[in-house]
1. Name the single residue that is farthest from residue 129 (Cα to Cα) among those in the range 148-180 being within 29 Å of the chain's Cα centre (by Cα) and surrounded by 16 or more Cβ atoms within 10 Å (Cβ to Cβ).
2. Determine, yes or no, whether residue 508 is part of a helix (DSSP H, G or I), modelled with pLDDT of 90 or more and in the same structural domain as residue 225 (by TED's automatic domain parsing).
3. Residue 397 fails exactly one of the following numbered conditions: (1) at pLDDT 90 or above; (2) crowded, with 19+ Cβ neighbours inside 10 Å. What is the number of that condition?
4. Quick one: what pairs do we get from the range 41-58, first residue surrounded by 13 or more Cβ atoms within 10 Å (Cβ to Cβ), second modelled with pLDDT under 80 and in a helix (DSSP H, G or I), C-beta under 6 Å, 6+ apart or different chains?
5. Would you check if residue 477 is in contact (Cβ under 8 Å) with a residue 60 or more places away in the chain and buried (at least 20 other Cβ atoms within 10 Å of the Cβ)?
6. So which residues in the range 404-418 are touching a helix residue (DSSP H, G or I) at 6+ places or on another chain (Cβ under 7 Å) and surrounded by fewer than 19 Cβ atoms within 10 Å (Cβ to Cβ)?
7. Just one of 137, 91 is farther than 18 Å from residue 167 by Cα and surrounded by fewer than 18 Cβ atoms within 10 Å (Cβ to Cβ); which is it?
8. On the given criteria, is residue 132 touching a residue at least 12 places away in the same chain (Cβ under 8 Å), over 26 Å from residue 463 (Cβ atoms) and part of a helix (DSSP H, G or I)?
């Protein structure tokens with residue numbers, strides 16, 4: 001359909017252009033290859049051939065684009081699923097190991113994995129096995145064999161194949177899962193090392209890519225000085241090429257950067273699936289949302305709950321913004337718009353390009369830097385507060401799990417082990433465990449207390465750990481091996497994050513930030529020693545007769561250069577580079593663009609300060 005549509009459009013467009021603008025028979029080349037009747041026939045067929053070829057070429061491009069999209073989309077989806085499966089496979093095998101220790105057989109393990117939505121696409125793969133056995137009258141061995149062929153992940157395919165061999169031979173499933181757990185934890189570390197090497201290569205590529213616009217601006221400035229460059233190319237370089245390089249590099253990094261998959265939310269008892277509402281306390285009021293419109297009492301409960309959450313939000317709005325950093329933009333975006341409007345009404349913000357050229361620093365500060373500071377500064381503060389609060393929980397998670405495992409191995413129940421850890425530990429995680437102990441003493445189940453603790457932070461790795469512990473303790477209070485497994489998985493994640501932070505620190509400091517300061521220094525030197533000098537030479541050359549005669553060459557040399565416009569473009573180039581470098585630095589550091597908000601505030605400040613002085 002796309003090919004046919006574009007063929008018709010190209011054919012009709014070519015015919016219209018020839019009818020309106022072409023007179024006679026145009027010459028395509030001055031090389032005479034044909035003579036006599038052959039040349040006359042070719043001239044007669046030249047225009048119809050041009051129309052036909054135009055339609056066929058454009059139509060073929062449309063066909064390839066339309067057909068290629070439908071061919072590529074399943075591959076893209078399969079690759080995304082493969083990536084998520086490989087990331088979550090180590091935790092999934094640890095979960096199956098915990099189930100096996102709890103006494104579940106292989107069929108029950110498959111069903112439990114199919115219901116564990118926290119493991120994302122791994123759970124979907126096992127759900128396919130269970131559904132095939134349930135609705136298509138297939139035995140679970142055949143279903144596992146079919147899924148091992150269909151899954152996009154080679155790692156999961158090999159795991160299912162090995163698991164089938166253990167089932168068929170009657171081997172010990174617990175020992176098999178223990179070995180596989182250790183293997184996949186090692187594989188996760190190896191993949192992390194490979195990812196860091198790839199990121200280092202990308203960082204070296206970014207140095208070259210980010211300096212290319214700088215070299216192009218210098219060349220265009222020199223060409224403009226002699227009057228052979230068009231201003232549109234400078235605009236395209238500053239406002240198109242520089243942000244395009246930043247976006248392209250972010251896309252390139254995202255292809256290898258491992259995401260923290262999952263929402264981190266665990267469903268409470270009686271709640272089906274993951275939460276689908278909005279921000280907790282604002283549009284999603286929790287469990288009561290599933291019972292509204294059924295009885296009037298639940299509608300009243302929902303109304304009271306909404307009033308309670310609103311009062312709590314108004315009493316401590318900073319806590320709400322800490323838990324949901326992006327919501328602060330609902331206040332800062334209108335505030336920045338009001339400030340810019342005041343700047344326009346007060347005459348500080350130019351409303352034309354000529355006014356912006358006359359006052360580049362003030363105009364850019366009002367139009368760009370005020371919204372930048374008003375929006376990104378609160379966002380950076382609340383996001384860093386949010387990240388620090390979550391890190392206070394995950395920072396001591398491995399150590400605490402080791403303590404729980406040691407205490408549980410002596411014969412203490414899980415609750416007694418928690419109380420012992422609380423007595424011998426300090427910090428935010430110990431306080432949360434103390435709250436779990438108090439909630440259980442007041443009648444709440446241990447699983448519900450753990451789920452409530454997890455949902456206050458919604459960290460994906462914490463959610464998987466809590467899910468592992470709560471599922472194991474349902475069958476037995478002797479879960480020292482499960483706690484040790486959870487500690488190993490957490491320590492493995494800590495090692496990966498530590499290596500990533502160490503590598504990212506070098507990338508951010510040397511590759512990203514130093515590249516920006518190099519660009520800033522070069523632009524400042526060009527502004528002072530090149531543009532300002534050329535402006536003075538041009539003024540002096542045009543001032544008097546003798547001076548004009550002496551400086552006639554310099555005057556003609558700089559006559560095509562708009563010095564003030566070039567200064568504005570230099571300033572904007574550095575500012576755009578600063579913002580894009582800031583978000584790139586944040587994404588490399590943590591895999592989250594919001595981490596770059598603080599860099600996107602600090603780096604442009606240097607650009608503003610330097611150009612305000614010069």
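1. Per the stated criteria, the residue is 155.
2. no
3. Here residue 397 clears every test but (1).
4. Final answer for the pair search is 47/18; 51/14; 51/15; 54/14.
5. So residue 477 fails the test.
6. Listed by number, the residues that qualify are 409, 412, 415.
7. Just one listed residue meets the conditions, 137.
8. It is true that residue 132 is touching a residue at least 12 places away in the same chain (Cβ under 8 Å), over 26 Å from residue 463 (Cβ atoms) and part of a helix (DSSP H, G or I).
The values are calculated or read from the model by the stated rules, or taken from the named source; none is laboratory data. The shown structure was predicted, so the numbers you read here are calculated from the model rather than taken from an experiment. Cβ sites come from the backbone with ideal geometry, for glycine too, and all protein chains shown count toward neighbours.
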